[in-house]
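Peer 1: Before we start, here is the structure in question, set down as C-alpha cells.
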Amino acid sequence: MPVEFLGIAATNDGSETTARSGAAFDREYTLRLGRAHEDHGWDRVLFAYGSGSPDPAPAAAYLASRLDRLQILLAHRPNVSYPTFAAKTFATLDQISGGRLTVHFITGGNDHEQRREGDTLTKDERYARTREYIGIVKRIWTTHEPFGHEGEHYRFQDFVSDVFPVQQPRPDVSFGGSSPAAFAAGGAEADIYCLWGEPLARTAEQIEAVKAAARAAGRTEVPRIQVAFRPIIAPTEELAWEKAHRTVGAIRQRKEQGLVRHRRGSDPENTGSQRLIAIAEAGERYDRALWTPTAAATGGAGNSNALVGTPETVAQALLDYYDLGVDILSARGYDLLGDAIDFGRHVIPIVREEVAKRDAEREARRGAERDAERAAEQAADQAAGRDTDRDTGQAAGRGTGPDTNPDTDRTAPAALTAVRG
C-alpha cells in the first residue's frame, strides 16, 4: 500500500523553540505553510485543536478553498459541540474541499485543559462519550431519513441533515490514544488509529493492541496505523546531532522563561505522555534514529519524540515503521515552514521510492506464489483426469495390464511424476 505523509497546518509560525511573530491566526502564513506542504509531496495536514487556539474548522475551510490537492485532517473535541451540529460542519467542509476531509476525534487527556471549556467528565466517561459521538456523526453522514437517538450522553428526535459529504459513504474517522479505554473506542470506530512515535518494539505492541480491540468489536478490517515524529535533519550526521542539541536547548530555555504554556502539575495524566516520559527515562536513543530528549524537555507533551540524522537516515527509520505496518507517517519540525520544505524535498522522495520497491517486490512474490499454486492445481487436475480415464477404460473391459493398453502404460509414469512433483 502506498505510504502517506501528514504535516501540520499551523495558523502561525510559533513552536516549542520559537515565539510566534504575528497574530494567533496569521492568514498569510497559514496559506504559505499549506502551499509548502502541497508543493513538496505531502498528502495532508493536521489542523490541531487547543482550548484557546483559533477554531480549526474555519481555518481548514480557508485553506481548503485555496489549495487543490492537499487533504485536511481536522481535529475536533466532542465536548465543544453537539454531534448534530458537528456532523453538518464536517459535511460542509468536505463539500468545500471537494472530498478531502478526515476528522480526528480528540477525547482529551488532561482534566485541566478540558475544564477550560466546561468539560467535567472523567477520562473513562469522556471515551464513552466520544464513542457515542462518533457513531452519531457517522449515522448523520449516511442517513437521509429523520431519526432519533437516546443515548447516555446525547438525545434528540427527528433529525436529518440537508448537507452530506462528497466522500461516499463518508469521510474517514481518525482517533488516538494509548490507554485500554482508547484502544476499545478507537478499535471499534476508527478508520485511522494514531500513535506517537515510540521505539519499534513498543510500537509493534501498540499496533497489536489496536488490532485486538478492533477484532473484539467485531470488525473484520482493522484501522490503518499512523505514527508521529519530530524530524531533525541536516546534510551530515554530525550537523544533525548539533541541530538536535540546539533544539532541546531552545525548548528548555523557553520553558524556564515561562514562555511555553504547559499543563498544571508535575505528571501528565494521559497514558501516551506517561509512556513517552518512561521511554525517555530509560534511554535517549533507540533503534536507528529515535531520540527522546525532546519529549523529556516538554514533559511528554504530544508528538515530541524526534528522529535525528541525514535525510537518508531518517527515511530509513521511517521505513522501519512502515515495515511494522504503519502506512501514515506524521512529521512536524520545529521550524514549521523550513522543515516542511526540507522534509518534503529530501526525505519523502526516498521513502516513497523505497515503499514502491517493497510493494513491487511483494506483488512479485504474490504473483509467483499464485503461479505456483495454479501450476500445482493444474498438475493435480491433470493427474486426476488421467487416473479417471484409466479407471474408466478398465471398467469398460479394455484390459487390466500394460500389454493390453500400451497408451495407458505410457501415460502412467507421467501422471506419477506430476503427483509427486
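The values are calculated or read from the model by the stated rules, or taken from the named source; none is laboratory data. On a predicted model such as this, the values are computed, not experimentally measured, just so you know. Positions of Cβ are generated from backbone atoms using ideal geometry, with glycine treated the same way; all protein chains shown enter the neighbour counts. All accessible areas refer to the heavy atoms of the entire protein, side chains included, with ligands and DNA or RNA removed. Shrake-Rupley method; radii C 1.70, N 1.55, O 1.52, S 1.80 Å.
Peer 1: Does anyone have the angle between helix 200-216 and the longest principal axis of the chain? Alpha-carbon axes, 0 to 90°, nearest 10?
Peer 2: 70 degrees
Peer 1: Still on this structure, I have one more. Among T92, T294, T120, what's the order by accessible area (1.4 angstrom probe), most exposed first?
Peer 2: Output order, biggest surface exposure first: T120, T92, T294.
Peer 1: Which percent of the accessible area of the chain is formed by carbon and sulfur heavy atoms (probe 1.4 angstrom)?
Peer 2: Result for the chain: 49 percent of the exposed heavy-atom area is carbon or sulfur.
Peer 1: While we're looking at this one, here's another question. Under a 1.4 Å probe, what is the accessible area of segment 112-204 per residue, stated in Å²?
Peer 2: Each residue of segment 112-204 exposes 44 Å² on average to a 1.4 Å probe.
Peer 1: Okay, moving on. Once you have all Cα-Cα distances for segment 1-125, histogram them in 5 Å bins from zero and send the whole-percent values.
Peer 2: Result, from short to long distances: 2, 10, 20, 21, 19, 15, 9, 4, 0 percent.
Peer 1: Right, next: Local charge sum around R362 (other residues, Cβ-Cβ under 12 Å, Lys/Arg +1, Asp/Glu -1)?
Peer 2: Result for the local shell: -1.
Peer 1: Taking a spot 7 Å from the Cα of A212 along the direction of its beta carbon, which residues of segment 171-205 have an amide N less than 13 Å from it?
Peer 2: Output list for this probe position: 179-181, 183-184, 204-205.
Peer 1: Oh, and also: Assign unit charges at the C-beta atoms only (+1 for Lys and Arg, -1 for Asp and Glu), then state the dipole size of the chain relative to its Cα centre in Debye, rounded to the nearest 20.
Peer 2: 960 debye
Peer 1: A further question follows. Which of [x] 1.06; [y] 0.98; [z] 1.15 is the computed Rg/Rh (Cα atoms, Kirkwood Rh) for the structure on display?
Peer 2: From the options [x] 1.06; [y] 0.98; [z] 1.15, the structure gives [z].
Peer 1: Expressed in nm to one decimal, what extension gain is obtained for the pair V80 and Y154 from 0.36 nm per residue of sequence separation less their Cα-Cα distance?
Peer 2: Roughly 25.3 nm would be gained on extension.
Peer 1: Next up: Quick check: the angle from helix 336-346's long axis to the longest principal axis of the chain, C-alpha only, nearest 10 degrees?
Peer 2: It works out to around 30 degrees.
Peer 1: Let me ask something else. Going through segment 169-254, which GluC sites (Glu not before Pro) have at most 11 other Cβ atoms within 10 Å and a DSSP loop state?
Peer 2: E221
Peer 1: Something else: Given the chain, what percent of its DSSP beta bridges are antiparallel, to the nearest 5?
Peer 2: Roughly 15 percent of the DSSP beta bridges within the chain come out antiparallel.
Peer 1: Around D68, under 15 Å between beta carbons, what's the net of Lys plus Arg minus Asp minus Glu among the other residues?
Peer 2: +2
Peer 1: With angles folded into 0 to 90 degrees, how steeply does helix 406-420 sit against the dominant principal axis of the chain? Use alpha carbons for both and round to 10.
Peer 2: The angle comes out near 20 degrees.
Peer 1: What is the ratio of the Cα radius of gyration of segment 211-363 to 2.2 N^0.38 Å, where N is its residue count, to two decimals?
Peer 2: Normalised Cα radius of gyration, segment 211-363: 1.15.
Peer 1: Can you check what the net charge comes to around P231, using other residues whose Cβ is under 12 Å from the Cβ of P231 (Lys, Arg +1; Asp, Glu -1)?
Peer 2: Summing Lys and Arg as +1 and Asp and Glu as -1 gives 0.
Peer 1: Another question, if that's okay. Express in Å², to the nearest 10, the accessible area of E284 obtained by rolling a 1.4 Å probe over the protein heavy atoms while all chains stay in place.
Peer 2: 110 Å²
Peer 1: Here is a follow-up. Run the numbers for V166 and E361: contour at 0.36 nm per residue of separation, minus the present Cα-Cα distance, in nm.
Peer 2: Going from the current span to full extension adds 66.7 nm.
Peer 1: About its Cα centre, what dipole magnitude does segment 59-196 give when the only charges are +1 on Lys and Arg Cβ and -1 on Asp and Glu Cβ, stated in debye to the nearest 20?
Peer 2: Computed charge dipole of segment 59-196: roughly 320 debye.
Peer 1: Would you list the P(r) distribution for segment 187-279, with all Cα-Cα distances sorted into 5 Å bins from 0 and each bin expressed as a whole %?
Peer 2: With 5 Å bins starting at 0, P(r) equals 2, 11, 14, 15, 18, 14, 11, 8, 5, 2, 0.
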